[in-house]
Every structure is written in structure tokens, then in C-alpha cells.
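K.L.:
Starting off with a structure, shown below.
Throughout, read-outs are computed from the coordinates displayed, never taken from laboratory work. Keep in mind that this is a model prediction, so the values were computed, not measured. Counting neighbours? That spans all protein chains shown, and the Cβs are built from the backbone with ideal geometry, glycine included.
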Amino acid sequence: MPHYLFQISFTADAFAKLVEKPENRLETVIPMVEALGGSFVGSWLSFGEYDSAAIVQMPDDITVKAFSMSAMAGGGLRRFDVTPLMSFEDGVAAMHKAGTIAYTAPDA
């Protein structure tokens with residue numbers, strides 16, 4: 001099953017609610033992922049542009065998009081960025097395939 005990196009940022013209002021009433025959001029999010037046929041690999045709080053990052057396995061891109069749409073529709077997130085991840089083995093296979101074709105840059 002494909003792996004994806006999820007990076008999210010909460011809204012100020014969501015943080016205000018979490019400070020007022022702390023909770024582990026994974027208790028809500030993991031069952032959503034599992035209901036869509038996915039599984040959680042791990043999740044962390046982070047600093048900087050994103051407030052949290054997670055590695056998740058999902059059946060396909062359509063399922064990932066449905067999950068992100070649902071999460072954003074809830075109103076507590078400012079950003080939800082998804083990065084598809086590839087194993088190093090698949091990356092090496094891509095390198096071999098890339099070696100079978102040649103790109104020609106346009107003439108200036």
C-alpha cells in the first residue's frame with residue numbers, strides 16, 4: 001500500500017480550543033484513516049510552518065484526497081499538504097527506467 005506524508009497546520013481557533021481542553025487528536029484521526037482502509041505509521045508534532053506531520057498508508061490517491069477534503073471541511077485546519085512517498089527500491093527502478101529514455105531540451 002502506498003505511503004504518504006501528511007503535514008498539517010491548525011487554525012488559531014483550533015489551537016485556542018486545544019489549549020482550553022487538551023486532547024490527543026490522533027484518537028479522532030486514526031479511526032478515520034482505518035475506516036478508509038488505511039493505516040497510521042506514525043505522527044509527530046512539529047515546529048515551524050506545520051504543526052504536525054504523519055506517515056500514513058492509504059489504498060490510493062483518491063482515498064487520500066477524500067481524507068484531506070474531509071479533514072479540511074471540519075474547519076480546524078489551515079493547511080493539509082500531502083506528499084506521496086516512494087521506497088528507495090522503487091526509486092532505483094525509476095532510475096533504470098529513466099536510463100531508457102532521453103529528454104531533449106528545446107532549442108533556444
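K.L.:
Filter the range 18-36 down to residues that are touching a strand residue (DSSP E or B) at 6+ places or on another chain (Cβ under 9 Å) and part of a helix (DSSP H, G or I), then give me how many there are.
P.N.:
Selection size over the range 18-36: 6.
K.L.:
Taking the condition of being among the aliphatic types (A, V, I, L, M) and either farther than 20 Å from residue 31 by Cα or surrounded by 15 or more Cβ atoms within 10 Å (Cβ to Cβ) (or both), how many residues in the range 56-94 meet it? First the steps, then the outcome.
P.N.:
Taking the range 56-94 first, the residues among the aliphatic types (A, V, I, L, M) are 56, 58, 62, 64, 66, 69, 71-73, 77, 82, 85-86, 92-94.
Cutting the leftovers down to either farther than 20 Å from residue 31 by Cα or surrounded by 15 or more Cβ atoms within 10 Å (Cβ to Cβ) (or both) gives us 56, 58, 64, 71, 77, 82, 85-86, 92-94.
So the count comes out to 11.
K.L.:
Filter the range 7-43 down to residues that are free of Cβ contacts under 8 Å to residues at least 60 places away in the same chain and of a type in the set (Phe, Trp, Tyr) and give me whichever is farthest from residue 79 (Cα to Cα).
P.N.:
That would be 40.
K.L.:
Continuing with the same structure: Can you tell me how many residues in the range 37-78 are in a loop (DSSP other than H, G, I, E, B) and more than 11 Å from the chain's Cα centre (by Cα)? Walk me through it before giving the result.
P.N.:
Looking only at the range 37-78, we keep the residues that are in a loop (DSSP other than H, G, I, E, B), and these are 37-38, 46-51, 58-60, 74-76.
The next check asks that each one be more than 11 Å from the chain's Cα centre (by Cα); those that pass are 37-38, 46-51, 59-60, 74-76.
Total satisfying the criteria: 13.
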